[in-house]
Structure formats: C-alpha cells, structure tokens
1. Tell me, what is the FRET efficiency for residue 221 and residue 94 to the nearest 0.05, using R0 = 45 angstrom and their Cβ-Cβ distance as r?
2. Need one number: nm distance between label points at residue 247 and residue 233, each 7 Å from Cα along Cα→Cβ, rounded to one decimal.
3. Which entries of 116/257; 73/231; 70/230; 214/236 show an alpha-carbon separation above 31 angstrom in the structure shown?
4. Between segment 241-274 and segment 124-165, what is the C-alpha centre distance in whole Å?
5. Using +1 on the beta carbon of Lys and Arg, -1 on that of Asp and Glu, and nothing else charged, what's the dipole of segment 46-111 about the Cα centre, debye to 20?
6. Spin-label point model (7 Å from Cα, Cβ direction): what's the residue 146 to residue 123 distance in nm?
Amino acid sequence: MKRLPLYILLLFTLVSSTVFAQKTKKKKKEKTLITEAQDEIEKQGEIQRDSSVFYFENWMMGNIVFKNGKVKKQVPLLFDLEHDQIEYQEIKLQQMYGGLEMLDTTINVVEVSEVKEFSITFIDDSNENVTSTSIYHFVNGDQFTREGVPAIGIYELVAGGEGKMGVLAYPFLLKTAHLYNSMSKEQNEIQRQRYGAYNMNNKEVFYSYQLKEKLYFLTQAGEIIPTDKKKKVIVKDFIGREEEMKEYMKTMDTYYKSKEGLRQLVEFYNNQFN
C-alpha cells in the first residue's frame, strides 16, 4: 500500500508568556515544520490528474472490505479505472512538536486485487429541488467464474447475487487520442487548457476517456455469462422458467438488454421463482 501524506494546518496556540519565551528560542524549527507542511500541500496541488479516469469524478463516501478481513467504513474514496486502484482518505488529528496540532489527511492507494468488495454512495444534487442518493456496490470478479475459470476485474453488482440470479456491469474506459491541430482555434485552446497538464498528454496529442460498461448475468452458481443475445436465447438463461420470462418480457417498457431492463428481468425472476 502506498501512502501519499497531505497535511493541513489546523491550530497553533501559545499558552502563556512564559511558554512563549521558551518557544521563541525554537521558533526557527517550528517555522520549518510549517513550511514543510505548506510545501507538501503545494506539491500535491501540482499533481494534476484527469478526473474522467475515475468512476465518479469527485470524492464520495463509501465502505471497503479487504480480502484480509480489514474494513474501512464511511471514508471518502475514488475508484481509478485507469490504474485499477482505489484511493481513500483517512483524517487524523496529529500532535506535533511545539504545541502544534495538525489535521493529517492521508490518501491511501490500494490495488483492486487487494479488495473483496466496496460500495460508493453517490449523492446527486444537480436538481436544486431534489437530492437523490444511490449506493453502488462493487465486487471483485475473482469470486466468480467465466467459462470455468476465475474472473478478473471489478464488477458492479447491479442486482441479485448471494445465491440468486444477478446482473453484473463491468466498467471500463474507452480511451481516445485527439490531435489539437484537427480542431478550430477556439476548440484547440479550450482542450489545451483542460488536458494540457495531465500525464501522457503533449503539445500535439491529448487523450480523453469515456466510461463504458459491459453487462452480464450472474448465475446462482456464480458463473458470469453474457447478455448480448436475442430474446429467444436470453430466456434460456432462466432455466425452467423460459415461458414465464418470455411472457414477462412482453410487458416491459424498458429495453431488455439495457442495464435497467436486465435488472427488471432478474428481480422479477428472483421474486417469483427463486
């Protein structure tokens, strides 16, 4: 696990004039501590990353369950799809030399291979009149199988699971290269300002990312199977209930291959027959 420290100055107090006199002799050392913290903050500010490589662009509260049994609850986290990593913050009050108290915010970076599952609570406040909350649950695919071998990567558990029919969404980034000189002068300037400082981009080319998903069924036995099938084929995945599922699909207003459509199929099947 890599640790990237980030210090934020919280509070500094001098208790009495006597204490002050004692402290002034060590004023230079105290200034050095503060300066180091400020320098660290400035260095962190210079590290620019393209937020589009994260599942959600901003820090969201969530829970992490590690394979070794360790659990982190209600911590700010990011899911980095470009590097297959999870970043989470831990904030602690640190007592330092000379009566200085600092709020130590540590950003921990872990590989997804170390994680069993995690959840992210997304708060949508884009509508000023309504605020909605959604919980996204992600699981490590190595607890399932694909074509008889352990799966690889992180999947969103959309519905079901735990011995029931489920729906999984595999998130990935579609990476596209762009040439600045292929744009108008105005577009060129806008894109240079946005992407120019990010790693891997240069004066001639920049890269953009778009979140994509591949959808799968998860069988009761933990096998991941594709969903990109015709209706008459996809109903065969609901063994023994093909006719009932075919009739239910006739009543659906949502496209059956969409994320929401697959969710409805699985939830109907689990509620009725599982």
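Nothing in this text is a laboratory measurement; each read-out follows from the coordinates by a stated rule. Everything numeric here is computed off the predicted structure, so don't read it as measured data. As a convention, Cβ positions derive from the backbone with ideal geometry for all residues, glycine included, and neighbour counts pool all protein chains shown.
1. FRET efficiency, residue 221 to residue 94: 0.35.
2. Here the modelled spin labels are 2.6 nm apart.
3. Among 116/257; 73/231; 70/230; 214/236, the Cα-Cα distance tops 31 Å for 73/231; 70/230.
4. 18 Å
5. 460 debye
6. Output for this residue pair reads 3.5 nm.
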